[in-house]
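The values are calculated or read from the model by the stated rules, or taken from the named source; none is laboratory data. This structure is a prediction, so every number in the text was calculated from the model and none was measured. So basically every Cβ, Gly included, is an ideal-geometry build from the backbone, and we count neighbours across all protein chains shown.
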Amino acid sequence: MSLKPSVFLKLLTGILIALMLVTVTGCKKDKFADDGRSAEELYESAKGYLNSQNWSRAIEGYQGLVTRFPFGRFAEQAQLELAYAYHRAGNPEAALSTADRFIRTYPSHPNVDYAFYIRGLTNYEQRVGFMERMMPSRVRDRDQTAAREAFRDFDELIRRFPDSRYAPDARQRMVFLRNNLSFYELDVARYYMRRKAYVASAARARYALENYPGSPELGDALAILAVSYTELGLPELAEDAAKVLALNYPEHPYLIGDDGKGFWNWLWPWGGKDPY
């Protein structure tokens with residue numbers, strides 16, 4: 001029985017498509033095909049790529065290990081190192097999700113502190129750290145969401161694992177983040193105060209005082225509170241803020257600017273030009 005040309009072409013096209021699907025499926029299966037290696041051998045192979053900074057091959061190797069051997073100590077360690085490989089490969093979303101998944105799955109793992117560290121490091125290095133390297137004078141002027149996330153990650157690491165090998169580095173990074181975050185909060189507070197939005201300026205200053213203790217900006221935070229409370233008609237709160245300021249920062253411009261110049265130069269030290 002002969003087929004019409006149109007029917008033959010349709011049949012031939014269908015066969016070709018089926019062959020292509022089989023080929024593609026086979027390639028996907030071959031990616032993590034069982035080549036007879038054990039979990040330890042797969043781990044050592046992926047670790048070798050990681051040590052040589054071949055991030056893409058390391059990621060592929062760890063993924064293959066976890067796919068073939070989803071349980072066991074090599075799979076657990078592979079997930080931690082996979083998060084680091086994603087971080088170094090410039091894929092912060094995958095690094096964060098992998099670290100989060102490890103924390104949820106193995107909350108009592110002896111190396112879970114590393115997952116918290118990777119979270120903080122990813123937010124710090126991939127976002128904050130990049131801006132610090134490219135535009136060090138503009139770090140404080142940008143959106144601080146990633147900085148706050150990194151600060152919280154490092155803070156949780158230190159609170160939960162104070163003796164972790166990663167705690168010293170986390171503390172140093174937190175100092176940088178704390179100082180920049182407090183500066184940012186008070187820069188916004190000054191902006192509100194210059195526009196006579198004293199409720200908002202007081203809220204920003206109070207937030208800095210409560211969340212970033214030890215910051216060199218806290219004297220300014222107390223001064224902003226004193227000014228804001230005075231303008232809001234809350235003399236007792238203003239006096240309390242001024243007393244704490246005088247006790248801790250007796251040379252602050254707010255206290256010694258008798259002619260008013262010291263105070264206004266402190267409030268806006270850029271010659272009266274408002275960049276906002």
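Going residue by residue through the stretch 89-105, is there one that turns out to be surrounded by fewer than 20 Cβ atoms within 10 Å (Cβ to Cβ), at pLDDT 90 or above, touching a Ser or Thr at 6+ places or on another chain (Cβ under 7 Å) and over 19 Å from LEU157 (Cα atoms)? Yes: one or more hits. Filtering ASN179, ASN211 for residues that are within 30 Å of LYS243 (Cβ to Cβ) and not assigned by TED's automatic domain parsing to the domain that holds VAL244 leaves a single hit, ASN179.
Restricting to the stretch 214-252, and then to whatever is under 36 Å from the mean Cα position of the chain (by Cα) and among the hydroxyl-bearing types (Ser, Thr, Tyr), can you tell me which residue is farthest from SER201 (Cα to Cα)? Among residues in the stretch 214-252 that are under 36 Å from the mean Cα position of the chain (by Cα) and among the hydroxyl-bearing types (Ser, Thr, Tyr), the one farthest from SER201 (Cα to Cα) is TYR249.
Scanning the stretch 69-100 for residues that are free of Cβ contacts under 8 Å to residues at least 24 places away in the same chain, in a helix (DSSP H, G or I) and under 16 Å from the mean Cα position of the chain (by Cα) yields a count of 6. Just one of (1) modelled with pLDDT under 90; (2) under 30 Å from the mean Cα position of the chain (by Cα); (3) exposed (fewer than 15 other Cβ atoms within 10 Å of the Cβ) fails for GLU210. It is (1).
For the residues ALA241, ALA189, ALA203, the requirement of being at pLDDT 90 or above, in a helix (DSSP H, G or I) and either surrounded by fewer than 23 Cβ atoms within 10 Å (Cβ to Cβ) or acidic (Asp, Glu) (or both) singles out ALA203. Go through the stretch 192-226 residue by residue and tally those that are over 18 Å from SER182 (Cα atoms) and in contact (Cβ under 8 Å) with a residue 40 or more places away in the chain. Adding up the residues that qualify gives 1. Filtered by the rule that a residue be in contact with a Leu (Cβ under 8 Å, 6 or more places away or on another chain), surrounded by fewer than 18 Cβ atoms within 10 Å (Cβ to Cβ) and outside any helix (DSSP H, G or I), the stretch 142-183 gives no residues.
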